[in-house]
Amino acid sequence: MKHTVVIPLYNKENYIYDTIRSLAFQEKKPSQIIIVDDASTDKSLVYLKDSVSFFAPQFLQTEIQIIELNKNKGPGNARNLGIEKATGELISFLDADDCYTPSSLREAGSIMEQKNIDVLIIGILLLPSNYYLPNIKSFANELILLSDQLYLIPNALHTISAPDFIMGVGSNVVIRKKYLDDIRYNENVALNEGIDFWYRVLKNMKKETLVGLLNKACIEVREIEGSLSRISYTNWKEIEIPVSIKRYEKSSNQYDQYLMGMLSQRWLEHAMERLPSWRQKALFVLHHAPLLIKNYYYFKKRK
């Protein structure tokens, strides 16, 4: 199965070489790599081109496209451009500071072909903490073991709201591209845009679609201060409400409510970790109290 990897690139000059190297030494190479440089202001584009040239012998059977944007429009726009250009039957997204482990693409393609899996979530290893995600113990009763480390997720719309389930973090999803024909990333948000995208993909799929989980480290994700998930704030007003909470705020659908409950807890934890003072933390909680309380009810109801 042909596999397209899309890489949004913005100011990752220290990491893009390793990311490209991880693709160059895949046991099964991607058929296509699309890198979208989102108007980087450092030397990311230069180092990218150097890396692609250096590993050219490894990419003889791989089509490589580099798209250079003149204006920064965010990772959602970059990924959407990649979707439009992708020719592979399978597609996945790789952040420009992360790396696939050598067997990742081979295993993902083989599993999806042999087991007829439509969407495959893969495990991630956070570095340098060596913390592995997802922790399946809390939602193991929602999984069906197919083989060693491979599980079927019968009701992915329910499981995606499990607190320890991870879908979209570190771009840890491989999917048959046909399921993205009508879905695109929201280009105007920075927080939780990944899970919002994948939840909408799942909602748009038919019930007979098969969703799997490969419970092993297939992506190494760097923990970098200043990245979108680890940014620090000076004022509580800088922390936007997650887009999925805005989208489903008035929904009566139980899966929408469970998702809001889980995201609300993560949003609160994010604020408590990233705000500079107890005063700012208190203002955040007081301002959002009605929303936090309502969504906490959904969170407890789901558990």
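Rule-based calculations on the coordinates, nothing more; no lab input. Quick caveat, the model's predicted, so the values are computed rather than measured. Glycine also receives a Cβ, built like all others from the backbone with ideal geometry; neighbour counts cover every protein chain displayed.
Quote to one decimal, in nm, the extra length available between GLU223 and TYR296 on full extension: 0.36 nm per residue of separation minus the C-alpha distance between them. The partial results should precede the final answer.
On the way: separation 73, 0.36 × 73 = 26.28 nm, distance 2.79 nm.
Taking GLU223 through TYR296 to full extension adds about 23.5 nm, to one decimal.
Using only Cα atoms, locate the centre of region 183-198 and the centre of region 226-299, then give the distance between them in Å, rounded to an integer.
Using only Cα atoms, the two centres lie 16 Å from each other.
Once you have the Cα-Cα distance between PHE54 and LEU152, take 0.36 nm times their residue separation minus that, and quote the gain in nm to one decimal.
Values: separation 98, 0.36 × 98 = 35.28 nm, distance 3.94 nm.
Extra length from PHE54 to LEU152 when fully extended: 31.3 nm.
Could you state the angle between the C-alpha long axis of helix 193-203 and the longest principal axis of the C-alpha atoms of the chain, as a value from 0 to 90 degrees rounded to the nearest 10?
Helix 193-203 sits roughly 90 degrees off the main axis of the chain.
With r as the distance between the Cβ atoms of ILE231 and TRP278 and R0 = 25 Å, compute the FRET efficiency 1/(1 + (r/R0)^6) and round to 0.05. Could you put the intermediate results ahead of the total?
Working: r = 19 Å, r/R0 = 0.78.
Approximately 0.80, to the nearest 0.05.
Which value at 222 nm does the chain reach when only helices count, each DSSP H run of 4 or more adding -39,500 (n - 2.57), with the total divided by all residues and rounded to the nearest 500 deg cm²/dmol?
Details: 9 runs with 109 residues, N = 303.
So the helix-based figure for the chain works out to -11000 deg cm²/dmol.
Given a Förster distance of 30 Å, report the FRET efficiency between LYS203 and MET1 from their Cβ-Cβ distance, rounded to the nearest 0.05.
On the way: r = 25 Å, r/R0 = 0.83.
Once the sixth-power term is evaluated, E becomes 0.75.
Note down the Stokes-Einstein diffusion coefficient of the chain in µm²/s, whole number, using a Kirkwood radius over alpha carbon pairs, 10 °C, and 1.306 mPa s. If you can, show how the numbers build up before the last one.
Values: Rh = 20.0 Å.
In µm²/s, the coefficient is 79.
Pop the C-beta distance of ALA289 and THR87 into the FRET formula with R0 = 51 Å and round what comes out to the nearest 0.05. Write out the running numbers ahead of the final one.
Working: r = 49 Å, r/R0 = 0.96.
Result of the calculation: an efficiency of 0.55.
Could you sort the peptides 4-12, 111-119, 163-171 by per-residue average Cβ neighbour count (10 Å cutoff), highest mean leading?
4-12, 163-171, 111-119
Obtain the nm distance between the two label points defined at ASN72 and LYS250 by a simple spin-label model: each point lies 7 Å from its Cα along the Cα-to-C-beta direction.
About 3.5 nm, to one decimal.
Mean projection of the alpha-carbon convex hull of region 232-302 over all orientations, in nm²?
Working: hull surface 17.4 nm².
Hull-based average projected area comes out at 4.4 nm².
Sorted by average packing, counted as other Cβ atoms within 10 angstrom per residue and highest first, what order do 287-296, 19-28 take?
Values: 287-296: 14.7, 19-28: 18.6.
Ranked from most to least packed, the peptides come out as 19-28, 287-296.
Quick check: residue separation of ASN135 and ASP18 times 0.36 nm, minus the Cα distance between them. What number comes out in nm?
Net length gain for the segment: 39.5 nm.
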